[in-house]
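The values are calculated or read from the model by the stated rules, or taken from the named source; none is laboratory data. This one's a predicted model, so the numbers in the text were calculated from it and none came from an experiment. Backbone-built Cβ (ideal geometry, glycine too); neighbour counts: all protein chains shown.
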Amino acid sequence: MAAPRMPAFDPFDVPESNASMLPEPFASQAKKRHFRRLGAQAGLTNFGVVLTRIEPGGASSQRHAHLTQDEFVWVLEGETVLVTNDGRQTLKAGTCVGFPKATGEAHHFLNETADDVLLLVVGDRTTGEVVTYPDVDLLGRMLDDGRYVFTHKDGSDY
């Protein structure tokens, strides 16, 4: 008889990746961002939970806004600069921020320090998601199977 699978796990036992689904040159720009998919490890399907580590000089992503999905971020370690439509705000460990869907509030996190930043990112997986990137020529659309397709803003392929 096999031992029962215990539901609790150490988040640092989940493999870390810095792979990106973005097209170039954006994928290369994300190499200092690493993530551990904690929600997937726990078998969650309605929302994602990701432990994100940003190396010094890195960014969480290109600045982006969500059409159908809410996002919540908690700064666990370090100091990060949140860049939104309204400008820059420095966040320290213990600070939280939420991004409601369909507000057009574009955001990303920068690490301008000499130490890693650790973020806990929680977002829902509502279908039909469209991600807009106001600072670059990039648009993301979620397919029915949950994968994303990225195009230029005019819809043409990369």
field: Residues that are touching an Asp or Glu at 6+ places or on another chain (Cβ under 6 Å) and of a type in the set (D, E, K, R), drawn from region 29-54
entry: Lys32, Arg36, Arg53
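For region 74-158, which strands (runs of 3 or more DSSP E) that fit wholly inside it have 1 or more residues that are on the phi < 0 side of the Ramachandran plot, touching a residue at least 60 places away in the same chain (Cβ under 8 Å) and of a type in the set (Phe, Trp, Tyr)?
Numbers: elements: 79-84, 87-92, 96-99, 107-110, 117-124, 130-133, 138-142, 148-151.
By residue number, 130-133, 148-151.
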field: Pick from region 27-39, criterion at pLDDT below 95 and either of a type in the set (Val, Ile, Thr) or assigned to a helix (DSSP H, G or I) (or both), ranking: surrounded by the fewest Cβ atoms within 10 Å (Cβ to Cβ)
entry: Ser28
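For the condition surrounded by 14 or more Cβ atoms within 10 Å (Cβ to Cβ), touching an Asp or Glu at 6+ places or on another chain (Cβ under 8 Å) and modelled with pLDDT of 95 or more, what is the one hit in Glu129, Glu105, Glu77?
Just one listed residue meets the conditions, Glu77.
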query: Considering only region 63-73, how many residues are outside any strand (DSSP E or B) and either farther than 9 Å from Val122 by Cα or touching a His at 6+ places or on another chain (Cβ under 6 Å) (or both)?
result: 4
- line: Over region 40-62, the set of residues closer than 24 Å to Tyr158 by Cα and in a strand (DSSP E or B) is Ala59
- prompt: Out of the residues in region 6-21 that are among the hydrophobic types (A, V, I, L, M, F, W, C) and either in contact with a Cys (Cβ under 7 Å, 6 or more places away or on another chain) or assigned to a loop (DSSP other than H, G, I, E, B) (or both), which is modelled with the lowest pLDDT?
  reply: Met6
